[in-house]
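Please treat every number below as a calculation from the coordinates, not as lab data. Keep in mind that this is a model prediction, so the values were computed, not measured. Methodologically, a virtual Cβ is constructed for each residue, glycine included, from the backbone with ideal geometry; neighbour enumeration extends over all protein chains shown.
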Amino acid sequence: MKFGGTSMRDAAAWHNVLSIVNASDEPVIVVVSATSGTTNQLLRCSELARDGHLKEARSVKDDIHTKHVQIVQDFADEFAQQNQDQLKKVCGEHIESLIQKLDDYLLGIHTLGELTPKSTDAISSIGERLSSFMLAQCAGSLGMPAVWVDSADVMKTNSDHGQATPDMDAIHKAATLIKYPVEQGRTPILGGFYGSDSNGVITTLGRGGSDFSASLFGLAAGAASIEIWTDVSGMFTSDPRFVKHAFSIRELSFNEAAELAYFGAKVLHPSTIQPAVEKNIPVFVKNTFEPNHPGTRIYSDVSTSSPVRAIAFKKDITVITIISSRMLLAYGFLKRVFEIFEKHEVSVDLVSTSEVSISMTVDKKTRITSVVKELEEIGTVNVYYDQALISLVGRDMMKTKGVAAQAFSALAEFPIRMISQGSSDSNLSVVVENDEAIDAVQSLHDTFFPVHETVSYTS
């Protein structure tokens, strides 16, 4: 069971999390994120220190300290059934230790005027190192047989700070640290997102990496299922915050869920599905604040009569178009283009080509200037910022008559910058202007999911 930041936002939410864990009929391994907003605070104070604002950085650090002390005090006073004073003392010492370490980091960053990826990992991991330890202590105060396990001892990675790659052989060996407590009838509680390299130096898996952590731990420990507990009831037909009549999908295939995660659905980290696929472990997305809702089950064998399952979108992408007559009947041109993107470590999402042009979408605005400079050596380059990528996700869309016709009819009023049909037959994507994205998605949703057809918990 993995619980996200909003599920860990305050003492009442922590009690709710532990109630869900305690209600399980099966042994549980718990993975938690930092408390809501903490990672952003940690990054902010480190950036303030780098920019010469040590006093302001320490003020943010103090806010983090106060927030966590308040959570444990509230939990002890409202929910603890035993050892309230001991709970406050043990958690207080842990908080003080990590906050002092944070202060040391901030002073060093301020003195040097430099914030390295290695330092950023050490600082940004503090949120999970606080929340996981404290939750384990709170569980003990309720009489639950919980034990804290430091993820740095289990999540072994390479030394690529900021986006570390897990070392699965090492993780499988270290998994005894979480399997043994389960065999002894105890519940291991770990922080997601962070780990350590072969030298014991703290690393992170990147933002949103707690989902990925849970999936990897589940694989290594031989879990029967992986549950991602968040603040929404599963994966939806589109983002319900922006799209009217969006509803929870009862079941999705691994491939559909991965496509949705990659193309903008923020409920799951895009890497979460990969470890589950390896052993065909079902993944459930459930709502911490509505635990009886079935949420979404993600598995290999899912049957459906609808070719379109959901509509994902993400804004603020960039389209890069290269026009060159040298493409015509030439070989090696595309290779040269992609070598430039590889050199500058810029990932391409979508590609669309014609006889003399190629268009690509990228997420990052960073490094684009360098990429464009090199691309201009081989053709005329146009860059379009503030674009939005919209993806219809499903299955057999190329084989199903009328899907494309319905989609483009729904988009008739919106200028389209780019079109791409996924080679996997599981997505059809278009690019529109940022400010037209929500209206375009709503039109597509109204077309493929008419209001009268939606029902609760639909599959």
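What is the range 234-308 by shape, rounded, prolate or oblate, if you read a ≥ b ≥ c off the alpha carbon gyration tensor as root eigenvalues and call it rounded for a/c under 1.5, prolate for a/b larger than b/c, and oblate otherwise?
Working: a/c = 1.44, a/b = 1.32, b/c = 1.09.
Rounded is the answer for the range 234-308, as its axis ratio a/c remains below 1.5.
Calculated FRET efficiency, Asp150 and Glu345, Cβ-Cβ r, R0 22 Å, to nearest 0.05?
On the way: r = 31 Å, r/R0 = 1.39.
Approximately 0.10, to the nearest 0.05.
Would you mind getting the Kirkwood hydrodynamic radius of the range 36-94 from its Cα pairs, rounded to one decimal in Å? Mind showing how you got there, number by number?
Details: mean 1/r = 0.0787 Å⁻¹.
It works out to 12.7 Å.
Provide the packing ranking of 75-83, 306-314, 171-179, i.e. peptides ordered by the mean count of other C-beta atoms within 10 Å per residue, highest first.
Numbers: 75-83: 15.8, 306-314: 23.1, 171-179: 17.4.
Order by mean packing, descending: 306-314, 171-179, 75-83.
What's the extension gain from Val372 to Asp316 if we count 0.36 nm per residue and subtract their Cα-Cα distance?
Values: separation 56, 0.36 × 56 = 20.16 nm, distance 1.80 nm.
18.4 nm is the gain from fully extending Val372 to Asp316.
Over every pair of different alpha-carbon atoms in the range 2-224, take the mean of 1/r and invert it; report that Kirkwood radius in Å.
Working: mean 1/r = 0.0570 Å⁻¹.
So the Kirkwood estimate lands at 17.5 Å.
Can you compute the label reach from Thr447? Point 7 Å from Cα along the Cβ direction, backbone N cut-off under 20 Å, restricted to the range 295-315.
Output list for this probe position: 305-315.
Take every DSSP beta bridge whose two residues both sit in the range 2-224, then give the antiparallel share in percent to the nearest 5.
On the way: 4 of 13 bridges.
The answer is about 30 percent antiparallel.
Work out the P(r) tail for the chain: percent of alpha carbon pairs separated by more than 39 Å, whole number.
On the way: 29303 of 105111 pairs.
So the portion of pairs separated by more than 39 Å is 28 percent.
Which value in nm describes the separation of the simple spin-label points at Val383 and Arg186, placed 7 Å from the Cα toward the beta carbon?
It works out to 5.4 nm between the two label points.
Which of rounded, prolate, oblate describes the range 355-437, given a ≥ b ≥ c as roots of the alpha-carbon gyration tensor eigenvalues and a/c under 1.5 marking rounded, otherwise prolate only if a/b is larger than b/c?
Numbers: a/c = 2.31, a/b = 1.83, b/c = 1.26.
Verdict is prolate for the range 355-437.
Could you work out how much longer the chain between Ser305 and Leu107 gets when fully extended? Use 0.36 nm per residue separation minus the Cα distance between them, nm to one decimal.
Values: separation 198, 0.36 × 198 = 71.28 nm, distance 5.94 nm.
So the chain would gain 65.3 nm between Ser305 and Leu107.
Once you charge only the Cβ atoms, +1 for Lys and Arg and -1 for Asp and Glu, what is the size of the charge dipole of the chain about its Cα centre, to the nearest 20 debye?
On the way: 40 positive and 56 negative charges, 70 e Å.
Rounded to the nearest 20 debye, it is 340 debye.
Assuming R0 = 30 Å, can you tell me the calculated FRET efficiency for the pair Val201 and Phe338, based on Cβ-Cβ distance, to the nearest 0.05?
On the way: r = 33 Å, r/R0 = 1.09.
E(calc), rounded to 0.05, equals 0.40.
Quick check: residue separation of Thr116 and Phe408 times 0.36 nm, minus the Cα distance between them. What number comes out in nm?
Details: separation 292, 0.36 × 292 = 105.12 nm, distance 4.65 nm.
Extending this stretch completely gives an extra 100.5 nm.
Where a ≥ b ≥ c are the square roots of the eigenvalues of the C-alpha gyration tensor, would you call the range 308-453 rounded, which needs a/c under 1.5, or, failing that, prolate if a/b is larger than b/c, or oblate?
Working: a/c = 2.36, a/b = 1.80, b/c = 1.31.
Prolate is the answer for the range 308-453, as a/c is 1.5 or above and a/b outweighs b/c.
Highest mean first, what order results for 92-101, 140-149 on Cβ atoms within 10 Å?
On the way: 92-101: 15.3, 140-149: 18.2.
Ranked by mean Cβ neighbours within 10 Å, highest first: 140-149, 92-101.
Could you sort 216-222, 432-438 so that the peptide with the highest average Cβ count within 10 Å comes first and the rest follow in order?
Details: 216-222: 22.3, 432-438: 16.9.
Most protected by this proxy first, the peptides run 216-222, 432-438.
Can you give the Rg/Rh ratio of the range 250-385, where Rg is from the C-alpha atoms and Rh is the Kirkwood radius? Could you put the intermediate results ahead of the total?
Details: Rg = 19.4 Å, Rh = 17.6 Å.
Rg/Rh: 1.10.
Can you work out ³J(HN,Hα) from phi for every residue in the range 289-296, in order, using Karplus 6.51 cos²θ - 1.76 cosθ + 1.60 and θ = phi - 60°, giving whole Hz and x for Gly and Pro?
With the stated coefficients, the range 289-296 comes to 9, 9, x, 7, 5, x, x, 10 Hz.
Past 30 Å, Cα to Cα: identify those pairs from Lys67/Lys365; Lys314/Lys335; Lys67/Lys279; Lys118/Lys173; Lys55/Lys343; Lys266/Lys399, in the order given.
Values: Lys67/Lys365 34 Å; Lys314/Lys335 27 Å; Lys67/Lys279 39 Å; Lys118/Lys173 25 Å; Lys55/Lys343 39 Å; Lys266/Lys399 28 Å.
Those over the limit are Lys67/Lys365; Lys67/Lys279; Lys55/Lys343.
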